[in-house]
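See below for the structure under consideration.
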Amino acid sequence: MSASPEAATYVFCLVQSGRAPSLRGVPESVPGAGAPRLISIDRQVWAVVADAPLARFSSEQLQSEFQDVEAISRHALAHAAVIQFFFRRAPVIPLKLFTLFSTDERARAYLQSRGPRLRKLLAELRGMEEWGVRVIASQTTQGRAGSARSLSSGRDYLVIKKRLSEQRVAPPRATVSDVNGALKTLARLASKVRKETFPPPGRNRPFVAGASMLVRTNRRVQWKKAAARLTEALAKRGHRLELSGPWPPYHFVAS
């Protein structure tokens, strides 16, 4: 069942399994592509692919799709749903949205050439799941750009006004300590951590910090209990902890 001459091969992810993974109940493919199917890549490694008609997945057509946020969202959600389906059953390596090869044979040859690295990565990811953590600090605890004393002259007033216009307000040390302390506590329960970058805090923008964390599935209960305790403790200080997952290891696979 190789891709037809009129279609490219769209790749969702790689799956490690001793036999061909079941496709029963697999979600619908990305818009415009054929139903998800499998091709064998290597010993116990399978690629989940779909036929991608060139009329819909040509570079020109995709460039047009990239200008439509709703269209990209539909593709992204469908892409993620297929990966999530297999992730619930076996170790996976997610591939990026719109990963395309001209034929099944090209996809197989490319992935087989990276066989040792793929097998090592799959071994590292076995029994792992990704969690997203974000802590939003209370805006009422953020530092102020100035004080009553600093407004004693016209020059000071202009300085304060400039600071406000730049919308950068440094959070108090106690707030930074609360937020970073919570992340460090959860990081100690994770196998790997990848910090996320957020815009700096401002007058109308809270201090936010977060990370993606790779956690062993058998530690999920301990992980969620720790997150629940931190959520309660942070809430008492006016902060909010947001947790999402478990997800496939999107942030922990080689490009």
Next on the checklist: Can you say whether PRO206 is closer than 12 Å to VAL135 by Cα, out of contact with any Asp or Glu (no Cβ under 9 Å at 6 or more places or on another chain), at pLDDT below 90 and not small (Gly, Ala, Ser), as far as the supplied structure shows?
Outcome noted: yes
Item to check | Top-ranked residue in the stretch 65-123 [being touching a helix residue (DSSP H, G or I) at 6+ places or on another chain (Cβ under 8 Å) and among the aromatic types (Phe, Trp, Tyr); ranked as surrounded by the most Cβ atoms within 10 Å (Cβ to Cβ)] | outcome: PHE101
Item to check | Enumeration of residues in the stretch 219-255 that are closer than 17 Å to MET128 by Cβ and assigned to a strand (DSSP E or B) | outcome: LEU243, SER244, GLY245, PRO246, TRP247
Next on the checklist: Just to verify a result, which residue in the stretch 219-239, among those that are out of contact with any Ser or Thr (no Cβ under 8 Å at 6 or more places or on another chain) and touching a residue at least 60 places away in the same chain (Cβ under 8 Å), is nearest to ARG173 (Cα to Cα)?
Outcome noted: LEU234
Item to check | Search result, residues across the stretch 196-218 that are exposed (fewer than 13 other Cβ atoms within 10 Å of the Cβ) and either part of a strand (DSSP E or B) or in contact (Cβ under 8 Å) with a residue 12 or more places away in the chain (or both) | outcome: ASN204, THR217, ASN218
Item to check | Residue that is touching a helix residue (DSSP H, G or I) at 6+ places or on another chain (Cβ under 6 Å) and within 18 Å of ASN180 (Cα to Cα), where the choices are ALA227, ALA209 | outcome: ALA209
Item to check | Selected residue [hydroxyl-bearing (Ser, Thr, Tyr) and under 29 Å from GLU129 (Cβ atoms)] from SER59, SER17, SER102, SER64 | outcome: SER17
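The values are calculated or read from the model by the stated rules, or taken from the named source; none is laboratory data. Just so it is clear, the model here is predicted, and its values are computed rather than measured. So basically every Cβ, Gly included, is an ideal-geometry build from the backbone, and we count neighbours across all protein chains shown.
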